[in-house]
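One structure below.
The values are calculated or read from the model by the stated rules, or taken from the named source; none is laboratory data. Quick caveat, the model's predicted, so the values are computed rather than measured. Positions of Cβ are generated from backbone atoms using ideal geometry, with glycine treated the same way; all protein chains shown enter the neighbour counts.
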Amino acid sequence: MDLRAFAVKMLYSNEFVYNLYKRDNCKYHLNLFEKKKYKFLLSNENFKYNDDIFYYYINTGMRVNYYKNLVYNIPINQKMLIDTPLNDLLNNISDQKYVSFMKAYFEKIKEVVSKSSSNNKEKIINVINKIFTKKSETLFDALQRILFINQLLWQTGHKLNGLGRLDVVLNDIYTNSKISYEDAKKLIFNFLRILHIDYYYKSNVLKGDTGQIVIVGGLNENGEYFSNDLTHIFIECIKELQKPDPKVLLRVSKNMPDSLLDEALDCIKTGCGSPLLSNDDVVIPSLLDIDYSKKDASNYATSACWEPLCDGASLEQNNIADLNFVAILNDTLNSNIDSFESLLNKYKENLKLEINKMVNRLNKFKFAYDPLLSTFLSDCNINKKDVSNGGARYNNFGILTTGLGNSIDSLINIKKLVFDEKEYKLDYLINQMNNNFSDEELLNKLKNNQVRYGKDDEYVLNLTNDIIDLCSNEFANYKNSFGGEYRFGLSSPNYISNSCKTKASLDGRRDYEPFLVHISSNAECSYTEIANFASSIHYGKRNVNGNVIDMMLSPSTLENNYDKFKAFLKVAINSGIFQIQFNVIDSATLIKAKENPEQYKNLIVRVWGFSAYFVELPLEYQDLLIRRAKLNEGTC
C-alpha cells in the first residue's frame, strides 16, 4: 500500500474518527448489559439544569457501549409521546426495572429543576407532574416532553435521532392552545437552539452528522397538500438560527402553495443548507411499491438525511450497507471480454453476486433489546413486542450506493474508445487504470467525454436505468430476517470513504479520488439538464432509499436569477425529480475559508444530507467542495 493509500485508510478508520472528535475523552463508557445500568444512569452527574427556557441536559462525559447492534437512525412516534400519558405507555413494557427507571428519571429531573433559580422552573415541574397521567396541553408542554425523551435517547447510546413531522405532530396542540404565532415561534426557536447544543457529542462520523432532521409539509392521504403556521415557523427559525443543526426537510409537490416554495428558497439562499426538498409526487408512489399503506406512505419522514420511512412506526435501517458500483466494475474488467455486450452482461452478473453476498451477511444481524425505543414506537408498544424482535410495523433494510455515475461514465468510455472508435485496446486501458494513468492524453479523453452521467442523453439514461432495474429486480428476490424488504437508493454519505478504498476507474478518476456526489455530474451541466436526467431515472420498485440531486449554486446566481430559479424548481418538481439539495457557496469563499479557518468559523456547507461548518470538515471534504464549486462556475 502506498503512502497516500495508507494515509487515507487511517483518515477514515474508526480510531482516527474517535480521536479526531475526542470521543475517547469520555469519563465513562457504560456497558448497557451491566446489572447496575439504570442506577448508573440515575447518578447525579447525569442531571443538570443549564438553560432558562427548557430542561435539556446530556452528560457528554458518558458514552454507551453495546454487544449487539442498536436500532437507531429512526424517528420515534412524537405524536404518541405528547398525546398519551406515560403510564399508559409503560403499562405495555414488561421490563419492570426499566419502568422503575423511567419514573425515577423524571423524579430526578424534577429534583434538579426545583433547586434551580430558573424563571421557568414551575412550568417544567408542571410538565413532569402531568407527564405520567395526562396528555400535553400546551405547546411548551409538548416541546418539553420531546426534549426529555430526546436527551435520554442520546444518553443511552441511540444515534441519529430524527425528529419526525413536527408541524403535523404539533398541529392540534398549537391550534387548541391558541398561542400566538410570535410566541410559538419563540418557543420553537429555543427548541431548535437547544437541540444544537452538544452537536459535537451527537455527531456520528463527521461533526454535524447528528440525524436531527425536522420534516415539514407534504401531501396527505387524500392527495391534498398539508402545511400550517408551524411549517413556516420551522423554516423561518432555521433561517434565523443559522446553525448547521438541526436541519429541515420540506416535502414538496406540484400542489404546494407558491408562498411556501418562496419561504424555502429564502432559507436556502442564506447558505444554511436547509431545507432539502423531497418530492411527494414521486416518493409516495415509490413507497407504495414496497407495500406501504397509502396512509403510511403519506406520513413518511426520513432517516438521518433523506431515506424515506414511516414516521414513528419503523425499525427500518436505511444505511445498513453500501453497494460500491465502481469496485464491482473494476473486478469485472479482470474477466475475458470480447465485446461491450459481454462486459455489460458480466458486470450485471457480478452485481447480482455482490447483492446476494450482501443480503446473506445482513440477514445475520442481531439487534439489542431496547425497551426505551419500543416504548415510543407505536406498534411495538401496542403489541408489547420489542423493536429488536420485529415489533415495528415496517422492518425493511435500506442499502446505500456509491459510484453509479462513475461506473456509467467508465462503461461509456470503454464503449466509445475500445469498441466503437477502436482507438485503444481494452488491455491498454486496464493497464493504465491499474497504474494510475501515466498516459495523460488518455486520462484527458476519459475525463472530457461529454456523453456522461447526469447529461440529458438517451443512451446515458437507458444504460443508467438498465443497471437500476437490475438492482431493483435483484433486491426484490430477498427478504431480511424480519420478513422485511430490501431497498436501495442512489445517494450515500460514503462517496469519499468508499472511494478511499477503491483504486482508479475508467471514468478518468485516479486512485482514491472521490466518487460523484449523489446524483450529480463530472461534466459541466446546466441545472435543467441534471434535473431532466434525474426526472427520467426509474424510481419505485426497490429504488426508494433516497435519490438526491446534489447541486452547487453560487450566491450571485441565485440572487440575480431568483425568479428564473424558482421557475426551474417548479418545473423540476413537476417533471418528477425525487429529491434535491443545495450548496449556495462560491469557490473563492471556500478557498479563503480553507486558508484562514479562524475567520470563517461560521461558514456552513451541505455535506452528505446534513449541514456542517466548513472549517470543521476533513481536508478531503473541503477540497471536494472547492472542486465542485469551481466546476459549477466553469473554472475547474
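Got at least one residue in segment 96-105 being more than 18 Å from Y199 (Cβ to Cβ), surrounded by 21 or more Cβ atoms within 10 Å (Cβ to Cβ) and among the small types (G, A, S)? Checked segment 96-105: no residue is more than 18 Å from Y199 (Cβ to Cβ), surrounded by 21 or more Cβ atoms within 10 Å (Cβ to Cβ) and among the small types (G, A, S). Those helices (runs of 4 or more DSSP H) of segment 1-74 in which at least 3 residues are farther than 27 Å from N120 by Cα and modelled with pLDDT under 50, considering only elements entirely within it, cover 3-11, 14-20. If you go through segment 383-401 and keep only what is farther than 20 Å from V99 by Cβ and in a loop (DSSP other than H, G, I, E, B), you end up with G390, A392, R393, N395, N396. Could you tell me whether S253 is hydroxyl-bearing (S, T, Y), under 22 Å from N161 (Cβ atoms) and assigned by TED's automatic domain parsing to the domain that holds Y72? No; evaluated as a whole, the condition is false for this residue. The residue that is farthest from the chain's Cα centre (by Cα), counting only those in segment 176-185 that are loosely packed, with under 15 Cβ neighbours inside 10 Å, of a type outside the set (F, W, Y) and under 24 Å from P246 (Cα atoms), is S180. Within segment 290-302, the set of residues being in contact with a Gly (Cβ under 9 Å, 6 or more places away or on another chain) and at pLDDT 95 or above comprises S298, N299, Y300, A301, T302.
Scanning segment 497-506 for residues that are more than 23 Å from F533 (Cα to Cα) and part of a loop (DSSP other than H, G, I, E, B) returns S497, N498, T502, K503, A504.
Is it the case that segment 502-516 has a residue that's in contact with a His (Cβ under 6 Å, 6 or more places away or on another chain) and among the β-branched types (V, I, T)? No, segment 502-516 has no match at all. Residues of segment 594-609 that are more than 16 Å from T270 (Cβ to Cβ) and crowded, with 17+ Cβ neighbours inside 10 Å: K594, V607, W608, G609. All conditions but one from (1) in a loop (DSSP other than H, G, I, E, B); (2) more than 24 Å from the chain's Cα centre (by Cα); (3) under 30 Å from Y292 (Cα atoms); (4) not basic (K, R) apply to E524; the one that does not is (3).
For G312, the conditions (1) at positive phi; (2) of a type outside the set (A, V, I, L, M, F, W, C); (3) touching a Leu at 6+ places or on another chain (Cβ under 6 Å) are fulfilled apart from (3). As a summary of the residue check, T502 satisfies the conditions (1) at pLDDT 95 or above; (2) out of contact with any strand residue (DSSP E or B) (no Cβ under 7 Å at 6 or more places or on another chain); (3) not aliphatic (A, V, I, L, M) except for the one numbered (2). Filter segment 527-538 for residues that are in a loop (DSSP other than H, G, I, E, B) and of a type outside the set (S, T, Y); which is surrounded by the fewest Cβ atoms within 10 Å (Cβ to Cβ)? Step by step, filter segment 527-538, then rank; the result is H538. Exactly one residue out of R510, R542 is crowded, with 19+ Cβ neighbours inside 10 Å, outside the structural domain of L277 (by TED's automatic domain parsing) and among the charged types (D, E, K, R), and it is R542.
Among residues that are in contact with an Asp or Glu (Cβ under 7 Å, 6 or more places away or on another chain) and not assigned by TED's automatic domain parsing to the domain that holds F533, V387 is included. Confirm whether E263 is within 28 Å of N560 (Cα to Cα) and either at pLDDT below 95 or in contact with a His (Cβ under 9 Å, 6 or more places away or on another chain) (or both). Against the criterion (within 28 Å of N560 (Cα to Cα) and either at pLDDT below 95 or in contact with a His (Cβ under 9 Å, 6 or more places away or on another chain) (or both)), E263 qualifies.
Within segment 472-490, is there a residue that is hydroxyl-bearing (S, T, Y), out of contact with any Lys or Arg (no Cβ under 7 Å at 6 or more places or on another chain), touching a residue at least 40 places away in the same chain (Cβ under 8 Å) and part of a loop (DSSP other than H, G, I, E, B)? So far as segment 472-490 goes, yes, one or more of its residues are hydroxyl-bearing (S, T, Y), out of contact with any Lys or Arg (no Cβ under 7 Å at 6 or more places or on another chain), touching a residue at least 40 places away in the same chain (Cβ under 8 Å) and part of a loop (DSSP other than H, G, I, E, B). Taking G162 as the residue in question, decide whether it is in the same structural domain as I131 (by TED's automatic domain parsing) and farther than 30 Å from Y369 by Cβ. No.
Annotation: Y478 fulfils all but one of (1) of a type in the set (F, W, Y); (2) over 22 Å from L463 (Cα atoms); (3) modelled with pLDDT under 95; the unmet one is (3).
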